[in-house]
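Read through the structure below, which is laid out as C-alpha cells, and then see the notes.
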Amino acid sequence: MSENEVRVLVVDDLEDAAKSLAVILSLNGYLSRTAHDGASALQVTEEFLPHCILLDVNMPGIDGLELTRRLRSTYGDDIVLVAVTGGGADDGRVSKTFELVDHYLAKPIDMKKLEKILPRRQSTS
C-alpha cells in the first residue's frame, strides 16, 4: 500500500453487492477490500486500516449499529464511517446507526454522492 492510496472497506452480508462495489471503487482509483459480516469487518479493519468503511446496517450477527459502536470505540473518528441501507430511517437500528456514522447512503449507492464523501486521494506530484 502506498501512502497516497485511499483504502475503503465495503461491509455487506450480500457478497455480490460488496464485491461489485469494491470493483467499482477499484476502477475509480481506490484500494478496496470486502467483509461479509461484522466480525470479519473488525478483523479486516485491524489489518487493512481503511480510511473509510461503507457498512450495511442490516446484517445478521454483529449488525451495522453494533459494528459502528465497536469501530468508534476503537478508532474514534479516525475512519470515515458511511452507513449503507435499503431500509428506512423509521427502523430503530437504522436511525441509531445514522446518529453514530459520518454519512449515510441509500441502496443502490449513487457513486457521485459517494465520491463526494470519500477521503480525497492525494496526488503523487
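The values are calculated or read from the model by the stated rules, or taken from the named source; none is laboratory data. For clarity, every value in this text was computed on a predicted model and none was experimentally measured. Quick reminder, even Gly has a Cβ in these numbers, built from the backbone with ideal geometry, and neighbours come from all protein chains shown. Side chains included, ligands, DNA and RNA excluded: accessible areas come from the protein's heavy atoms. Shrake-Rupley method; radii C 1.70, N 1.55, O 1.52, S 1.80 Å.
The P(r) of the range 9-74 has a tail past 13 Å containing 58 percent of all C-alpha pairs. The residues of the range 12-96 expose, per residue, 48 Å² of accessible area to a 1.4 Å probe.
Solvent-accessible surface of protein heavy atoms, probed at 1.4 angstrom with all chains present, puts 75, 30 in the order 75, 30, largest first. Once the Cα atoms of helix 64-75 and of the chain are each reduced to a long axis, what angle between those two axes, in degrees from 0 to 90 to the nearest 10, is obtained? The two axes meet at around 50 degrees.
First compute the accessible area of the chain with a 1.4 Å probe, then give the percent of it belonging to carbon and sulfur atoms. C and S atoms contribute 48 percent here. Between helix 38-48 and the chain there is an angle of about 20 degrees, using the helix long axis and the longest principal axis of the Cα atoms. Along each principal axis, taking the top coordinate minus the bottom one, the Cα set of the range 1-113 gives 40, 29, 22 Å in descending order.
Using only side-chain charges placed at the Cβ, +1 for Lys and Arg and -1 for Asp and Glu, the dipole size of the range 11-111 relative to its Cα centre rounds to 100 debye. Considering only the Cα atoms of the range 1-46, their convex hull presents on average a projected area of 3.1 nm².
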